[in-house]
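The values are calculated or read from the model by the stated rules, or taken from the named source; none is laboratory data. Quantities reported herein were computed from a predicted structural model and do not represent experimental measurements. Here the Cβ positions follow ideal geometry from the backbone for every residue, glycine too, while neighbour counts run over all protein chains shown.
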Amino acid sequence: MFKIVRREEMAGGTVILNEIEAPKIAGREKPGQFVLLKANEDGERVPLTMAETDPEKGTITIIYMVVGRTTALFKSLQVGDGFQDVIGPLGKATHIEKIGKVVCVGGGTGTAVLHPITRAMKEIGNHVITILGARNKDLLILEDLMRKVSDDFYITTDDGSYGRHGLVTDQLKDILDREDIKQVVAIGPVPMMKFVSLLTKKYNVPTLVSLNPIMVDGTGMCGCCRVTVGDKTRFACVDGPEFDGHQVDYDELMMRLQSYREEEKVSYDKHCRMNG
């Protein structure tokens, strides 16, 4: 069992942070990699990127949004409880090098994925500009941590309740117009990554995105996590999860995710009816 040693509810309880004992993973993780978690014998596997690791304590920190039956089960686990399986680190690590000015764009729980990458970009000597976006102030996460690893920091909210009123692309366009940006890293909802990539393509700025397709085994054998990148089929678990944002077929990815979520909702509604 992989015991939960710290638990925090964020964004009104819709986003959960778990710090989990996993010493073998904590000592090997690199920015951009992920783990597969399973709550119990009958549970589903869920891929989550590590927001932080502490090799001395032997812990990893994961952050997830409660969106269906499996994440609701995860939310029910308290400090002292544990996950049956935590498998990792999986996936390719982010390529980190000193290149100059880098913009890191995060949305929703994608900010948790972005944090270790942003920190590594700054530690190697890049000038890091961070933009965090959310629908409203209450849904913004990890603001303090992201400020600490950024040279310049911006917030946008859809409703204007905090920071700039607008989308991350509004702020990003202003930055691209006035700065010599060498790379953009965008992690968050698929539509956000799509429109960030469309914008940066106009400016010819290399853009890295982290994809979140359906995933089962984490080894490339099941084929569930296939995505189309540059007209070629790739598997996010072994070829990614990070890809060239200008080459991703976002519309295909969104259709596959929507199909899965509709099936999960039917399954969840049926489960609720059967259990009163």
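Put simply, of 114, 132, 139 the only residue that is of a type in the set (A, V, I, L, M), touching a helix residue (DSSP H, G or I) at 6+ places or on another chain (Cβ under 7 Å) and modelled with pLDDT of 95 or more is 132.
Given (1) in contact with a strand residue (DSSP E or B) (Cβ under 7 Å, 6 or more places away or on another chain); (2) at pLDDT 95 or above; (3) among the small types (Gly, Ala, Ser), identify the lone condition not met by residue 160. Failing condition for residue 160: (1). Of all residues in the stretch 1-57, none satisfies the criterion of being in contact with an Asp or Glu (Cβ under 6 Å, 6 or more places away or on another chain), part of a loop (DSSP other than H, G, I, E, B) and more than 17 Å from residue 115 (Cα to Cα). Against the list (1) of a type outside the set (A, V, I, L, M, F, W, C); (2) crowded, with 22+ Cβ neighbours inside 10 Å; (3) touching a strand residue (DSSP E or B) at 6+ places or on another chain (Cβ under 6 Å), the condition residue 226 fails is (2). With respect to being crowded, with 21+ Cβ neighbours inside 10 Å, touching a Phe, Trp or Tyr at 6+ places or on another chain (Cβ under 7 Å) and among the β-branched types (Val, Ile, Thr), residue 53 falls outside the description.
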